[in-house]
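Scroll down for the structure; my scribbles are underneath it.
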Amino acid sequence: MDWIQTYKNLVFDYNNISSENINIYDIAHALSNICRFGGHTIVPYSVAEHSIRCAELLYNESIDTQLWGLLHDAAEAYIGDIPTPLKKHLLFQSENYSISLNKYEEEILTTIAKTFNLSPTIPIKVKEKDRILLITEARDLLPSPLKKWQETHLKPLKSTIVPWSSFVAEQKFITKYIQLRKSLNVFSFKIPS
């Protein structure tokens, strides 16, 4: 079996990645149930919440950049949140080819960008805010953050992260998506029948 059934009853085929099988509700639901840091946080903290916080840090940027902030980890709805240091060591195997997980994740993100009419690559500003959030999350959500987290020129946010429930994160994710789409006057996304 090379596919999964999504929350909205779509078939996501790993050998045939298609916009037809990518849905914002599936992304919001899955990311709200996936914990950051491989689940090693003091309390559950979802990828959905991380993504919302990233989009909110980009409030002065273009709507495209804010949407990328919200969707920069959307591929994880289909492959899970594998810690970044491990991704470079993993291969995705198919009958026809072998590809690194990083490249496979990029392929899914490219399809997500097309599905949601985003620029083809994640903007640098998104990556900056993602890193700031990472060190803030480490400070606030890991039992005893290692000194290595501080070995960066970036500074964590001043505010403390208090995680939401997965239900709240899912609802806020959809609300943020709708808010950003409305501001573009492009309010179209697929709702499965």
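Couple of notes before you dig in:
- Comparison of TYR25, TYR7 shows that the only residue that is more than 17 Å from LEU133 (Cβ to Cβ), assigned to a loop (DSSP other than H, G, I, E, B) and aromatic (Phe, Trp, Tyr) is TYR7.
- Residue match in the stretch 141-152 (condition: on the phi < 0 side of the Ramachandran plot, part of a helix (DSSP H, G or I) and modelled with pLDDT of 95 or more): yes
- Given (1) more than 21 Å from THR160 (Cα to Cα); (2) not in a strand (DSSP E or B), index of the condition PHE37 fails: (1)
- Residue match in the stretch 165-187 (condition: outside any helix (DSSP H, G or I) and at pLDDT 90 or above): yes
- For the stretch 102-140, the set of residues classified as assigned to a helix (DSSP H, G or I) and among the hydroxyl-bearing types (Ser, Thr, Tyr) consists of TYR104, THR110, THR111, THR115, THR136, listed by residue number.
The values are calculated or read from the model by the stated rules, or taken from the named source; none is laboratory data. Keep in mind it's a predicted model, so treat the numbers as computed, not measured. We place every Cβ from the backbone using ideal geometry, glycine too, and count neighbours over all the protein chains shown.
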